[in-house]
Structures are given as C-alpha cells and as structure tokens.
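Have a look at the structure below before the remarks.
Please treat every number below as a calculation from the coordinates, not as lab data. Every value quoted in this text rests on a predicted model; they were computed, and no experiment measured them. FYI the Cβ positions are ideal-geometry reconstructions off the backbone, even for glycines, and counts take in every protein chain you see.
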Amino acid sequence: MGDVLQLGNTRQLLKLYYAGNQMESPNGGFLILLGIRSLEGGSAMGIFECSVSSLRYELPIPKATRTERKTVKDALAAGEEMECPRHGPETPLKRAGKEIVCGSCGIPFAKV
Ligand SMILES: [Zn+2]
C-alpha cells in the first residue's frame, strides 16, 4: 500500500460524510470510503480512495463531544433506539464489547 495523504478541508468533508453526501477529491472525482479505523482515545480515521487517481487519503474523525455522549447516554437510560448523533436516525448505534459505537464513523459514544 502506498502513502496515505492528508486532506485539507476536513471540517467541510466531515459534514458531507456525516450527511452521506458525495465528497469531492482534491484530484477531481470523488472519495470512495475504503474503511474506518477506530483509534486509541475515542477518535477514528476514515480511509478514502480517489475515484480518478486512486490516491489514498485519510480523514481524521474527532472523538465524541460531551453533548453527543450525553445524548446517547440519555437514550440508553430511557431504553430508546440509539442513533448516531452525527449520522442521524438512518444509522443506529451498535454494541461492540462494552461500548456503543457507530459503524459509519467508528466513534464510541457511550459505555455499557
Ligand atoms: Zn456516525
């Protein structure tokens, strides 16, 4: 595997990613999700490939904020369906070991 490049406008790209919209690649074309890697400390890294150049890019996904954790914790306590605070109702959170994780952003939002 070759080098993985950094993306510049991460804030804007994250917004598109959470909304499930197409993300433009810096080389033209768009970014195809290859995978999400959960990182130590609660953040994650998205790995994307450019549809035109096949260059690979990584997009750091920030860890859960206090507000996001509280939203999920409250839903958990109320026995409600838990959805990803970033991806919305289309993306339910899953239990992974002792954590409640979004499969699409790789972020743990609560502990069981
Ligand atoms: Zn998510």
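Across the alpha-carbon set of the range 4-61, the Rg to Rh ratio works out to 0.94, Rh being the Kirkwood radius. Within straight-line reach of Lys73, meaning a Cα separation under 22 Å, sit the following lysines at least 8 residues removed in sequence or on another chain: Lys63, Lys94, Lys98, Lys111. Note on the range 4-61: with charges restricted to the Cβ of Lys and Arg (+1) and Asp and Glu (-1), its dipole about the Cα centre is near 100 debye. Candidates Pro60, Thr71, Ala44 compared by Cα position along the dipole of the chain: farthest toward the positive end lies Thr71, with charges placed on Cβ.
A Cα-only calculation for the range 33-100 places Rg and Dmax at 14.5, 47 Å.
Remark: the Lys94-Glu40 segment gains 17.6 nm on full extension, using 0.36 nm per residue and subtracting the alpha carbon distance. In a fully extended conformation the segment linking Lys70 and Gln22 would gain 14.4 nm over its present Cα-Cα distance, using 0.36 nm per residue.
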